[in-house]
Every structure is written in C-alpha cells, then in structure tokens.
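Report on the structure given below.
The values are calculated or read from the model by the stated rules, or taken from the named source; none is laboratory data. These numbers were taken from a predicted model, which means no experiment stands behind them. Every residue, glycine as well, gets a Cβ built from its backbone with ideal geometry; the counts of neighbours run over all protein chains shown. Please note that ligands, DNA and RNA were not included when accessible areas were found on the heavy atoms of the full protein model with its side chains. Shrake-Rupley method; radii C 1.70, N 1.55, O 1.52, S 1.80 Å.
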Amino acid sequence: VASVTVIAPSCMLADAMATAIMVMGKERGLTWVESKENVEALIIMRTDEGYEEVFSPGFNKYLSN
C-alpha cells in the first residue's frame, strides 16, 4: 500500500482508519471500510507497472468531474 485516503464523519476517525488500512492491506481494508456506514476510501497500491487506484463503492460520489 502506497497511500490511503479515507472520508469519514470526523478527521480523527479518517486518520485512524487510513493508518489501519495501510497495515491491513487492500483486501482486508476494503472489506472493513465496506462494513462501516458513512466511510469511504481510496487505496493506492504500488505495482510493477506503477500504481493502481482502488476505490470503495461509494467513494466516486466525492470526486468532482
């Protein structure tokens, strides 16, 4: 995991969850985020080809066009 961005009801929760997801990894982290209400995440993974962006299902509603 290269980076995690979490959108949550409070910045303290978002920061704590982002740190936990960095340790958990992509699969466990996404599963955990999906089990929480009002929480979304973007996980950026390092790959051999560069980087891969992984979004939780509701994250896109926070992206501007």
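Laid out as a table, the results:
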{"item": "By accessible area with a 1.4 Å probe, ligands and nucleic acids excluded, highest first: order of Ile21, Ile44", "result": "Ile44, Ile21"}
{"item": "Extension gain, Thr5 back to Leu63 (0.36 nm per residue minus Cα-Cα distance, nm)", "result": "19.6 nm"}
{"item": "Gain on full stretching of the segment that runs from Glu34 to Asp48 - 0.36 nm per residue minus C-alpha separation", "result": "2.3 nm"}
{"item": "Rg [Å, one decimal], Dmax [Å, integer] - the chain, C-alpha atoms", "result": "11.3, 35"}
{"item": "Debye, to nearest 20: dipole size of the chain, +1 on Lys, Arg Cβ, -1 on Asp, Glu Cβ", "result": "160 debye"}
{"item": "Local net charge near Ile7, Cβ-Cβ under 13 Å (Lys/Arg +1, Asp/Glu -1)", "result": "-1"}
{"item": "Sites matching GluC sites (Glu not before Pro) across the chain that sit in DSSP coil, with at most 16 neighbouring C-beta atoms within 10 Å", "result": "Glu37, Glu49"}
{"item": "Of Met12, Gly29, Ile44, farthest towards positive along the dipole that unit charges on Lys, Arg, Asp, Glu beta carbons give the chain", "result": "Met12"}
{"item": "Where the chain is the region considered: accessible area per residue in Å², 1.4 Å probe", "result": "69 Å²"}
